[in-house]
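Notes to accompany the following structure.
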Amino acid sequence: MKILSSFELLLVVVELLTAANANPTPTPAPVTEVTEYRRALSNSPSGGYAPRKVPCPEGNLIRNARNISDGEADFIRQRHGVTDAHLRDFMKRANMLDFDIDGFIDTYSPNVALAFSGGGYRAMLSGAGAVKAMDIRTPGTTEPGQVGGLLQSATYMAGLSGGSWLLGSVVLNNFTTIHDLQHSQRLWNLKHNILAPDGFYNIIDTYYNKIHDEVSDKGDAGFDVSLTDYWSRALSRQFLDWKDGGPGVTWSSIALTDEFKKGEMPFPIIVADGRYPGEFIISKNTTVYEFNPFEFGSFDPTLYAFTRTEYIGTKMKNGRPIKKDVCVRGFDNAGFIMGTSSSLFNQIILQLDRSGLTGTMRDFAEGLLTGISESEDDIADYSPNPFYGVHPHLNPTAKTRTLTLVDGGEDLQNVPLQPLIQPARKVDVIFAFDNSADTTDAHGKPSSWPNGTALIATYLRARDSEIANGTLFPHIPDVNTFLSLGLNNRPTFFGCNATNITSKHPGRPAPPLLVYMPNSPYTYQSNVSTMNMDYTNLERDSVIENGFYVATQGNGSRNAEWPACVACAIVHREMERRGNETTEQCKKCFEDYCWDGTLVDEKAGPYSPELFLGAGGRLQMATGVAWMMAVGVAGWLVL
């Protein structure tokens, strides 16, 4: 069978790449206590992974992307009733000076967005540390120097690839805590490779047979399947607290949970890229698709349409079911959507030169992966195309019955910013957690730290007037500047002066203020290879702890005013719109954190940073002095 052989080939390559990028294994962590766990929803009409035909709902299944959906608008109103109270408390704990917090919140509800990058388990775990730090349910996060409550204050939360695994793990398990995920014996058990939990030579066992049966059920129901279906079913077993990873759990079912209906979680969005089978390089003009609990589609002018997530899989033409009153439900399997956003098999081919494999082993891996790609298994298949016949003058896929998607970071936009900069969502500030693997060491091998590439990709896309479709984005410097000024190892604000952006584009609303939060080594070298498919509990928890320190700036050890600066970032856009003067405290924050437009032409060298915090969480003096010198030269009138 073609898919079976492709899956087996992938296992071989993963074994090779994992070995090539192996890290020393620390002492195993102690066994954690079993936590009674809450389940996600399972509402597929088949009860399993296979979609099933159902009667169609009333109303249209396709709409244009002029605005957000009615369902999203209703949710945002409900969510603001929750976020306003948490923002008020957060700002007071942050000790904002000379600012009327109550007066501000009484008259305006800021839209705060959290964006979590791709990067495999590294991204999932580093992002988890940030979520843990921002979650008021985490003990100690309301103390001085902490940012607890920021999660509860957020309106939107977007994830891509590994970031989508984090997002799904939290929202699909009743908006659970990172602490509970760490202490569950059923979830986030990363000690064994999900593709070969008992080793490659034992893969054809009960574990694989169950996955194969689940995917076969979908194929037998008349739907195309690919390697991503197998990948998704394996991922689900780590992320969903349901027997066999919840084959009947759907992404649209999030909207049916009590936590969502009460507005107790941010609005969740997962991002993927459009791609034709066999295509390797994804251009900046690719269509960026999003999945939210209500809709699937894109604001991009290459589609500019959305369909209802619950009814993906329905055969349609021009936005209407081909067979009257015959629709499909259950296609939007939650694991499949998380797997789609992390379907990066063709990118493994492109990264072989940096993989650490050499000689015969590299040639062997390249041959196997090329075979998978040529058989067109290296995509997520969303056929029948719900957008068949929709906007044919704009939509390149309007004439094809197939729709294929891949990892949302393959266009280099590895932080899911595109859905959050849409004017229709009116986002004020985005906290962008970048856990990408961009850098190399002195030997030319991956050192797996971010260098701003993800932001640069979104910035360059926004400069293209056709694909930008009216969206604006702050000016972003090049990679050399990121590395030379240290913008990739501390928080940096981009777009602090909205006038410098909107003056060049009269009539367009200012983009959100962007708070860039790159993965940095505080207490642990969290630059684990994306291809690392297994972690001991100690490794897992160490990466999470480091992510916590990234979000809190070392519990305030790098800057005790960090929580206040976070609060200043949240209110900044609305204060600009009102024409209000910035407080002295916020001015100091912007002097410290805003990029001032400085560019560095010289090529930056290799990047292999040391830990910022020493024993007992003390700030390393050399790093601290260098950082203070870097921020000291920044002005806040920035591009």
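General observations
- Only listed residue being closer than 17 Å to Leu394 by Cβ, among the small types (Gly, Ala, Ser) and in contact with a strand residue (DSSP E or B) (Cβ under 9 Å, 6 or more places away or on another chain), chosen from Ala305, Ala272, Ala334: Ala305
- Condition met for His443 (modelled with pLDDT of 95 or more, surrounded by fewer than 18 Cβ atoms within 10 Å (Cβ to Cβ) and part of a loop (DSSP other than H, G, I, E, B)): no
- Test: residue in the range 75-92 that is touching a residue at least 12 places away in the same chain (Cβ under 8 Å), more than 21 Å from Thr257 (Cα to Cα), surrounded by fewer than 24 Cβ atoms within 10 Å (Cβ to Cβ) and among the aliphatic types (A, V, I, L, M): no
- Count - residues of the range 310-322 that are in contact with an Asp or Glu (Cβ under 7 Å, 6 or more places away or on another chain) and assigned to a loop (DSSP other than H, G, I, E, B): 1
- Strands (runs of 3 or more DSSP E) (entirely within the range 42-120) containing at least 1 residues that are within 27 Å of the chain's Cα centre (by Cα), among the aliphatic types (A, V, I, L, M) and over 30 Å from Gly330 (Cβ atoms): 112-116
- Among the conditions (1) modelled with pLDDT of 95 or more; (2) part of a helix (DSSP H, G or I), the only one that Thr307 does not satisfy is (2).
- Taken over the range 323-360, the residue count meeting the criterion of being in a loop (DSSP other than H, G, I, E, B) and either among the small types (Gly, Ala, Ser) or modelled with pLDDT of 95 or more (or both) is 8.
- Cβ-Cβ contacts under 7 Å between residues 6 or more apart (or on different chains), taken from a first residue in the range 244-262 that is closer than 16 Å to Glu295 by Cα and in contact (Cβ under 8 Å) with a residue 60 or more places away in the chain to a second residue that is small (Gly, Ala, Ser) and in a loop (DSSP other than H, G, I, E, B), are listed as Thr250/Ser44; Thr250/Gly330.
- Evaluation of Lys262 against the conditions (1) at pLDDT 70 or above; (2) surrounded by 17 or more Cβ atoms within 10 Å (Cβ to Cβ) shows that the sole unmet condition is (2).
- Evaluation of Ser252 against the conditions (1) farther than 28 Å from Pro55 by Cα; (2) surrounded by 24 or more Cβ atoms within 10 Å (Cβ to Cβ) shows that the sole unmet condition is (1).
- Only one entry in Leu455, Leu487 is assigned to a helix (DSSP H, G or I) and within 22 Å of Cys568 (Cβ to Cβ), namely Leu455.
- Residue count for the range 431-440, restricted to those that are assigned to a loop (DSSP other than H, G, I, E, B) and either small (Gly, Ala, Ser) or without any contact (Cβ under 8 Å) to a residue 40 or more places away in the chain (or both): 2
- Test for Thr302: is it more than 17 Å from the chain's Cα centre (by Cα), part of a loop (DSSP other than H, G, I, E, B) and hydroxyl-bearing (Ser, Thr, Tyr): yes
- Within the range 411-436, the set of residues being among the aliphatic types (A, V, I, L, M) and modelled with pLDDT of 95 or more comprises Val415, Leu417, Leu420, Ile421, Ala424, Val427, Val429, Ile430, Ala432.
- The range 243-259, subset in contact with a Ser or Thr (Cβ under 7 Å, 6 or more places away or on another chain) and in a helix (DSSP H, G or I), residue modelled with the lowest pLDDT: Gly245
The values are calculated or read from the model by the stated rules, or taken from the named source; none is laboratory data. These numbers were taken from a predicted model, which means no experiment stands behind them. Virtual Cβ from ideal backbone geometry, glycine too; neighbours counted across all protein chains shown.
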